[in-house]
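Heads up: the structure comes next, in structure tokens.
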Amino acid sequence: MRLDKSAILCIIFLGSLATLTSCRPDDEQDNEEVTEISALPASIVYPSDNPYSNAKFELGQLLFWDPVLSGTNEVACATCHHPSLGYSDGRALSSGVNGQGLGPNRTGGVVVKRNSPTVINTAYNGISVSGTVNPMASPMFWDNRASSLEEQALLPMLSAEEMRGVAIAESDILDTLVNRLLAIAEYRNLFEAAFGSDEITETRIAQALANFQREIVANNSPFDRYMRGNMNAMTNAQVQGMNTFIESGCADCHGGPMFSDYELHTLSTPNHPQVEDEGATGNFDFRTPTLRNLAFTEPYMHNGVFDDLEEVLEFYRDISGGNANSQNPDVANNQIDQDARDLRVNGDDMDEIIVFLNALNDPDFDTSIPSSVPSGLPVGGEIN
Ligand code: HEC
Ligand code: HEC
């Protein structure tokens with residue numbers, strides 16, 4: 001049921017956390033779920049067995065930038081998660097070992113089957129509508145296959161396409177990397193400062209990387225400031241767009257402070273011409289991504305098939321309403337998630353929603369780059 005544009009939105013203040021709910025008069029009748037969007041909390045939650053420390057942060061940052069963690073000594077985490085590209089890589093599909101150059105200019109690398117998501121705000125992955133974060137139940141990846149930053153951190157090192165290459169077997173790579181770090185005196189000192197002894201283990205590597213990434217946050221967008229009470233932080237057009245976003249049904253999946261339910265959904269995103277990716281369970285299902293900071297992270301979707309937000313909105317128009325046409329030959333119309341088919345997006349709505357999405361950008365995240373890394377290898381890998 002399409003609500004009138006003038007529908008009243010309720011702002012509920014729960015302590016310092018403002019929550020926006022659409023007050024749908026039809027809610028009782030059709031039991032439609034209540035959609036809520038809200039500001040991010042200012043604080044970051046750390047796991048009890050991996051509390052924050054400056055020393056761990058500094059170690060994690062150096063590890064993030066050091067290609068010593070790749071089998072080939074030429075790919076770092078930052079190769080695909082670079083601050084100048086919103087901690088993503090600006091490519092449809094990421095490019096790992098044997099490549100040269102950064103982001104869209106990278107050539108020669110082995111192509112990974114998915115788009116690189118940003119690591120900005122991954123500290124909040126899995127956040128509930130009410131703002132609760134459990135850092136050990138924090139879904140990671142387009143298919144949610146890891147459940148914390150700690151669990152995620154070692155997986156790129158194991159991946160032949162991303163960081164391992166083929167010369168070192170998967171069963172040997174982590175031992176090889178630990179031994180490499182042990183051979184570098186500066187790393188032994190950094191691990192000692194971070195963990196109280198110079199023992200270097202896979203677990204400690206993962207904990208330091210997670211500690212660093214948890215600090216890469218951008219939680220002060222115009223939307224956040226508006227929701228915390230600064231009514232001038234968003235323009236009238238952005239407020240209008242926010243209403244349209246909710247009324248159109250976007251928040252049914254893109255709800256909560258991160259604009260994601262962290263659930264898997266089948267939409268019928270077109271296949272990328274180069275890869276076959278059936279998603280998390282073989283149903284072309286992928287995790288709802290955050291809608292924060294989209295200005296820094298194009299192209300969009302798990303395989304980067306859409307270059308801009310106009311294309312994304314046209315896609316939603318085509319799979320919803322009377323059109324409900326699958327955009328993927330491997331997905332039948334009736335396989336498309338009901339919440340997507342129920343969307344109401346047409347004409348002006350699309351422009352209004354895009355205006356609102358621009359209120360979710362916060363460029364004020366840590367973009368610092370270390371001047372050197374302990375291995376002496378090029379900072380960030382072969383990206384220049
Ligand atoms: C070759 C490019 C590449 C490299 C190198 C790389 N990543 Fe990624 N990263 C990706 C891609 C692609 C995905 C999505 C993969 C998927 O969903 O299956 C991803 C996903 C992630 C995520 C999940 C974000 C989310 O919201 O789900 C995190 C966190 C992350 N990477 C951190 C790291 C860290 C830490 C390193 C270094 C140890 C690293 N990445 C190295 C390309 C890369
Ligand atoms: C049924 C749940 C659902 C609904 C409803 C929904 N989305 Fe999505 N959205 C997703 C999923 C899942 C993806 C990832 C799909 C993929 O990668 O193939 C996505 C991807 C996106 C992306 C790309 C983000 C990125 O970083 O790549 C944007 C932008 C987006 N949606 C905006 C919207 C807007 C605007 C609406 C309302 C018109 C909307 N979505 C409605 C689930 C939904």
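The values are calculated or read from the model by the stated rules, or taken from the named source; none is laboratory data. Note that the structure is predicted; figures quoted are calculated from it, not measured. When we count neighbours, we look across all protein chains shown, and the Cβ atoms used for this are built from the backbone with ideal geometry, even at glycine. Just the protein is used for accessible areas: all its heavy atoms, side chains included, with ligands, DNA and RNA removed. Shrake-Rupley method; radii C 1.70, N 1.55, O 1.52, S 1.80 Å.
List of remarks:
- To put it simply, the accessible area of region 213-259 at a 1.4 Å probe is 43 percent carbon and sulfur.
- For residue 87, net neighbour charge (Lys/Arg +1, Asp/Glu -1) across residues whose Cβ lies under 14 Å away: -3
- Full-stretch length increase - residue 333, residue 180 - with 0.36 nm per residue and alpha-carbon distance subtracted: 49.9 nm
- For a label point 7 Å along the Cα-to-beta-carbon line of residue 84, residues of region 106-135 with backbone N under 17 Å: 106-107
- Evaluated at q = 0.14 Å⁻¹, a Debye calculation over the C-alpha positions of the chain (equal weights, vacuum) places log10 I(q)/I(0) at -1.21.
- Region 71-115: radius of gyration over Cα atoms, expressed as a fraction of 2.2 N^0.38 Å: 1.00
- Dipole orientation for the chain: of the candidates 125, 322, 157, 157 has the Cα lying most toward the positive pole (charges on Cβ; Lys, Arg +1; Asp, Glu -1).
- Globularity ratio of region 83-138, using Cα Rg and 2.2 N^0.38 Å: 1.45
- GNM result for the chain, Cα springs below 10 Å: residue of 251, 210, 183 fluctuating most strongly: 183
- The chain: relative contact order in percent, alpha carbon pairs under 8 Å with at least 6 residues between: 23 percent
- Of the trypsin sites (Lys or Arg not before Pro) found in region 72-161, the ones in coil according to DSSP and having at most 15 other Cβ atoms within 10 Å of their Cβ are 113, 145.
- Convex hull (Cα only) mean projected area of region 54-214, reported in nm² to one decimal: 9.6 nm²
- Projected label distance in nm at residue 275 and residue 215, using a 7 Å step from Cα toward the beta-carbon: 3.1 nm
- Rolling a 1.4 angstrom probe over the protein heavy atoms with all chains in place gives the chain an accessible area of 41 Å² per residue.
- Mean shadow area of region 154-202 over all directions, Cα convex hull, nm²: 3.5 nm²
- Applying 1/(1 + (r/R0)^6) with r as the Cβ-Cβ distance of residue 235 and residue 263 and R0 = 30 angstrom yields a FRET efficiency of 0.45.
- Distance between region 132-155 and region 51-130 - C-alpha centres, whole angstrom: 15 Å
- Theoretical ellipticity at 222 nm over the chain - DSSP helices of four or more residues, -39500 (n - 2.57) apiece, nearest 500: -8000 deg cm²/dmol
- One Cα centroid belongs to region 273-308, the other to region 327-384; the line between them spans 8 Å.
- Packing order of peptides 222-229, 235-242, highest average first: 222-229, 235-242 (average count of other Cβ atoms within 10 Å over each peptide's residues).
- Accessible area, probe 1.4 Å, largest first, for residues 95, 371: 371, 95
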